[in-house]
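Okay, so here's the structure we're looking at.
Any read-out appearing in this document is the output of simple, stated calculations on the displayed coordinates, not a laboratory observation. Here the structure is a predicted model, which means the values were calculated and not measured. Here the Cβ positions follow ideal geometry from the backbone for every residue, glycine too, while neighbour counts run over all protein chains shown.
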Amino acid sequence: MKLPTPQYWGKVSVEETLSLRRSVRGYKNEPLTLAEVSQLLWAAQGITETGGFRTAPSAGALYPLEMYLVAGNVTGLAPGVYKYMPDGQRLIKVSDGDVRGELARTALSQTFIADAPVSFVFTAVYERTTRKYGERGIRYVHMEAGHAAENLLLQGVALGIGAVTVGAFDDNQVAKLMKLPGDEAPLYIIPAGRK
């Protein structure tokens with residue numbers, strides 16, 4: 001599924017988004033738009049140059065991160081799990097159905113995950129980076145995940161969307177729920193919605 005083209009300019013300065021960024025765990029019962037979801041995905045891992053460079057820095061430009069969208073309440077998008085494909089700004093459906101409640105249970109029953117219209121799940125294929133940098137590459141992958149997550153959070157602020165990073169979850173349960181390939185490890189869950 002082709003996503004709306006992201007916007008490359010906005011009305012909120014970087015300085016303002018930095019001053020307003022807070023962890024948000026309470027969300028209005030309102031849908032997000034497909035354009036908003038597209039913008040958030042692009043902010044985290046979107047392509048910014050024809051050479052494939054992305055919005056977040058990556059050691060050796062190896063891009064070990066993958067992103068998934070757990071959609072429950074998005075205008076114009078059926079509930080389900082989707083994989084984000086930066087090349088072409090598109091989504092590929094992984095599974096049907098609203099799994100927000102199940103995702104919350106994998107995260108120590110943090111119910112705000114079930115309440116959020118969407119959650120973004122960051123995963124990593126460590127081998128993409130460790131084959132070049134050895135064990136040090138694990139650190140580089142984690143640094144990249146932090147960069148990408150902060151991009152998503154700041155973009156959310158600019159759009160009036162609140163979000164929070166979640167690291168407390170059962171890796172195996174998340175991998176099973178998301179139907180992750182064996183070489184992908186979950187790193188972050190980021191629920192998001194209107195404040």
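Using the alpha-carbon centroid of each, what span in Å lies between segment 88-113 and segment 15-31?
20
If you place +1 on the Cβ of every Lys and Arg and -1 on the Cβ of every Asp and Glu, how big does the dipole about the Cα centre of the chain come out, in debye to the nearest 20?
Taking the Cα centre of the chain as origin, the dipole is about 120 debye.
Could you estimate the translational diffusion coefficient of segment 112-195 from the Stokes-Einstein equation, with Rh from the Kirkwood formula over C-alpha pairs, at 20 °C and 1.002 mPa s, in whole µm²/s?
Calculated translational D: 156 µm²/s.
Where in the chain are the DSSP H helices whose alpha-carbon span along the long axis reaches 15 Å or more and whose Kyte-Doolittle mean is at least -0.5?
Helices meeting the criterion: 34-45, 136-159.
Go through 125-135, 99-109 and give me the packing order, highest mean Cβ count within 10 Å leading.
Top of the packing list down: 99-109, 125-135.
Any idea how far apart Asp171 and Arg21 come out in nm if each label point goes 7 Å out from Cα toward Cβ?
In this crude spin-label approximation the distance works out to 2.6 nm.
Which percent, to the nearest 5, of DSSP beta bridges fully inside the chain are antiparallel?
Antiparallel bridges: around 90 percent, rounded to the nearest 5.
Of the listed peptides 76-82, 158-164, what is their order by residue-averaged count of other C-beta atoms within 10 Å, with the highest listed first?
With the highest mean Cβ count within 10 Å placed first, the list reads 158-164, 76-82.
Between Arg90 and residues 5 or more places away or on another chain, which pairs have amide H atoms under 5 Å apart, with H built 1.01 Å from N, and which residues are they?
Leu3, Met85
Put a dot 7 Å past each Cα toward the Cβ at Lys28 and His142; how far apart are the dots in nm?
If labels sit at His142 and Lys28, their model points lie 3.8 nm apart.
Return the distance in nm (one decimal) between the two label points of a simple spin-label model at Ala61 and Lys132, each offset 7 Å from Cα along Cα→Cβ.
0.9
Return the Rg/Rh ratio of segment 14-194 with Cα-based radii and a Kirkwood Rh.
Looking at segment 14-194, the ratio lands at 0.94.
Specify whether the C-alpha gyration tensor of segment 87-136 places it in the rounded, prolate or oblate class, a ≥ b ≥ c being the square roots of the eigenvalues: rounded for a/c under 1.5, otherwise prolate if a/b is larger than b/c and oblate if not.
Oblate shape, in that a/c is at least 1.5 and b/c is the bigger or equal ratio.
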